[in-house]
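**Q** Quick one: the structure is below, and I'll ask about it shortly.
The values are calculated or read from the model by the stated rules, or taken from the named source; none is laboratory data. No experiment lies behind these values; they were computed from the predicted model shown. Positions of Cβ are generated from backbone atoms using ideal geometry, with glycine treated the same way; all protein chains shown enter the neighbour counts.
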Amino acid sequence: MTGRWRDLAERARAKAAKGPAWGVLAALLFTLVAARETAVSPDLTGPLWANVLCGAGMTAPLVAGRRHPGFTVVMGLAAAMAQTTWLTPSTHLAMPLLGVLVAAHCAGRCSSTRWAALLLLGLALTEEWAGPIAVNSDPLGDGLFVSVALWAAWLLGRSGRAGERLAREAEARRQAEREREARIQAAVAAERQDVARDLHDTVAHAVTLMVLQATGTRLIARAQPEAAETALASIEKTGRRATEDLRAMLHILREDDDDPGGGTGPSAPSPGLDDVPALVEGARGSGLDISLSPVPAGAGQPPSLGHAAYRTVQEGLTNAVRYAPGSKVDVTVCANGGGLTVTVVNCAPAAPVRSVVQGTGTGLIGLRERVTALGGTLDASPGEDGGFVLAVELPRKTA
């Protein structure tokens, strides 16, 4: 059925596009035939130009019936009545009947049921018309014929209108379904982009810490075995935490694959403000001298803000470990007018550093996208002492 209504809709659009041209052509032919018929009629009682004008008036529904159904139907009926009643009464004038049928079809196709009353009025005058447009010598039979023809034309118009309405409704449903699918795909793409950013942040931070800690452990393994053991434990802890985060993200991706409609099933909680102290403590194991201001309670902030604040601290610490190992870092997370202000400031390294872990260059880009999506601002710039300052302002959100 869907394919059938699609075809009907396409045909209706094609007819609508060609309708005026075909209507004008049909009206012209109708007028010419009417002019010839009245010219040869032995009962011509009015001027030829008046009969031709009435014939043209009966074609009004063909030309403008869709745009002005009421006006054209009245004009067509009036022209038919004028010609058959006052101008050329004849038993051979089929054109007025054809004009009335066209008007009835137009009334049924392009107007509401109120035009049924107008059609009934026309039927009330059938007895008056039956003589002039008689099909045979039986007035009763002629009246019945005209009545049936009028109602058939009107019902055909109503049927065509119903078919077009069904086609439009089917097209509207298909369009709504396409829009719904597009919204779902956009939501899935946005969620996957968020997961990709989290994946980058988690892996970049964990791998950077582990590589630097492994490098330091290798250097002190023989001289300071106890310190090396502590460093190895820190590497293990960092690796376990990264594995847990990766597992949670993969779980989210699997849920998306199993439920492409954007299901609302529970997913692993994202790290937030309450996880910042543990994040800082893990970074201290890489040799950074980190000071952390008291962090607001996560319960008092929307999860989206807490998660963005966590990722800001993580990105700042990752860059400090990578480009200024062993430097002093100040981390500040504070409430600000219902939102959050996060700053990560690291001093310049004591000596030029060649990073053992090359960055991808996408960390700050992804963080800026995350912050901007929440209506916040991000500033990343060199500090006055040669260090680096990462500052983020996050307005309060309700979700």
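**Q** Which condition number does L212 fail, the rest of (1) crowded, with 19+ Cβ neighbours inside 10 Å; (2) outside any helix (DSSP H, G or I); (3) modelled with pLDDT under 75 being met?
**A** Status for L212: all satisfied but (2).
**Q** Something else about it: Just name the residue that is nearest to A187 (Cα to Cα) out of those in segment 242-272 that are at pLDDT 60 or above and touching a helix residue (DSSP H, G or I) at 6+ places or on another chain (Cβ under 7 Å).
**A** Of everything passing the filter in segment 242-272, L253 is nearest to A187 (Cα to Cα).
**Q** Being modelled with pLDDT of 90 or more, out of contact with any Phe, Trp or Tyr (no Cβ under 7 Å at 6 or more places or on another chain) and not acidic (D, E): is that true of L292 here? Spell out how you get there, then give the answer.
**A** Values: modelled with pLDDT of 90 or more: yes; out of contact with any Phe, Trp or Tyr (no Cβ under 7 Å at 6 or more places or on another chain): yes; not acidic (D, E): yes.
Here the answer is yes, as L292 does meet what is asked.
Residues are listed down the side, and each one gets a yes or a no for (1) outside any loop (DSSP other than H, G, I, E, B); (2) within 19 Å of L394 (Cβ to Cβ); (3) among the β-branched types (V, I, T):
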position: S304; (1), (2), (3): yes, yes, no
position: A309; (1), (2), (3): yes, yes, no
position: T312; (1), (2), (3): yes, yes, yes
position: L317; (1), (2), (3): yes, yes, no
position: V329; (1), (2), (3): yes, no, yes
position: V342; (1), (2), (3): yes, yes, yes
position: P349; (1), (2), (3): no, no, no
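**Q** Can you say whether A299 is at pLDDT below 85, loosely packed, with under 14 Cβ neighbours inside 10 Å and either of a type outside the set (D, E) or not in a loop (DSSP other than H, G, I, E, B) (or both), as far as the supplied structure shows?
**A** yes
**Q** Moving on. Please enumerate the residues belonging to segment 274-319 that are more than 17 Å from A242 (Cβ to Cβ) and of a type in the set (D, E).
**A** Within segment 274-319, D274, D289 qualify.
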